[in-house]
Amino acid sequence: MSVNPELVGRVFPPTPPYLVGREKVREFARAVFATDPQHTDPAAAQALGYPDVVAPPTFAMVVQDLTLQQLLAEPDSGIALERTIHAEQRFRYTRPIVAGDELTATLTVATVRPFGKGAMVTSEAEMTDATGAHVVTAISVLLIGGEDA
């Protein structure tokens, strides 16, 4: 089955709220070699005006992954994980993610473009905090190989 072009415009249900934990931010910062103290030290983050440690920009992928799992599980998507490469990632931030945020994400499939025997699928995961305010939109491009690729 090839990638379903009717995915374009599909909006998935919001994810359950994800509570951003201080230790998760610290672990992620270590994993991506983000050494600025704002990522690990609450006092350093507070000195910059944040209520708690600040997640590195790519931390949004942790929450976006919950939305991508929805897309991959969609029975009519035509997307097979074993033929999928994460080709591109971008973020549009309104404000940084900080420990204590409770984030909910909603995925929308923006485009499905044929590419050889497969397709490129662009999706946008809009993340909001507990008040409903926008925090970040994570844009992913998945390259899906054809069945016989």
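The values are calculated or read from the model by the stated rules, or taken from the named source; none is laboratory data. Predicted model only: the values in this text are computed from it and were never measured. Here the Cβ positions follow ideal geometry from the backbone for every residue, glycine too, while neighbour counts run over all protein chains shown. In case anyone asks, the SASA skips ligands and DNA or RNA and just uses the protein heavy atoms, side chains included. Shrake-Rupley method; radii C 1.70, N 1.55, O 1.52, S 1.80 Å.
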* To do: Averaged over every viewing direction, what's the projected area of the C-alpha convex hull for the chain? Give it in nm², one decimal, please.
  => 9.1 nm²
* Tell me, what is the FRET efficiency for R92 and D41 to the nearest 0.05, using R0 = 30 angstrom and their Cβ-Cβ distance as r? -> 0.65
* Asked: Using alpha-carbon pairs under 8 Å, 6+ residues apart, how would you state the relative contact order of the stretch 13-149 in percent?
  -> 26 percent
* To do: Could you work out how far helix 60-73 tilts from the main Cα principal axis of the chain, as a 0 to 90 degree angle to the nearest 10?
  => 30 degrees
* Structure fact -> For the stretch 22-93 the mean separation of alpha carbon contacts under 8 Å (6+ apart) over residue count, i.e. relative contact order in percent, is 22 percent
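Using the scaling law 2.2 N^0.38 Å as the reference, what is the normalised Cα Rg of the stretch 1-64?
With N residues counted in the stretch 1-64, Rg over 2.2 N^0.38 Å equals 1.55.
What does the charge add up to near A47, with Lys and Arg as +1, Asp and Glu as -1, over the other residues with Cβ less than 13 Å from its Cβ?
On the way: positive: none; negative: D36, D41, D52.
Local net charge: -3.
What percentage of the solvent-accessible surface of the chain, computed with a 1.4 Å probe over protein heavy atoms, is contributed by carbon and sulfur atoms?
Numbers: 4430 of 7650 Å².
Result for the chain: 58 percent of the exposed heavy-atom area is carbon or sulfur.
Give the average over all directions of the projected area of the C-alpha convex hull of the stretch 95-139, one decimal, in nm².
On the way: hull surface 14.8 nm².
Directional mean of the projected Cα hull area for the stretch 95-139 stands at 3.7 nm².
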* Asked: Which value, in Å², gives the accessible area per residue of the chain when a 1.4 Å probe is used on the protein heavy atoms?
  -> 51 Å²
* Asked: Label L19 and H134 with points 7 Å out from Cα along Cα→Cβ: what is the distance between them in nm?
  -> 2.8 nm
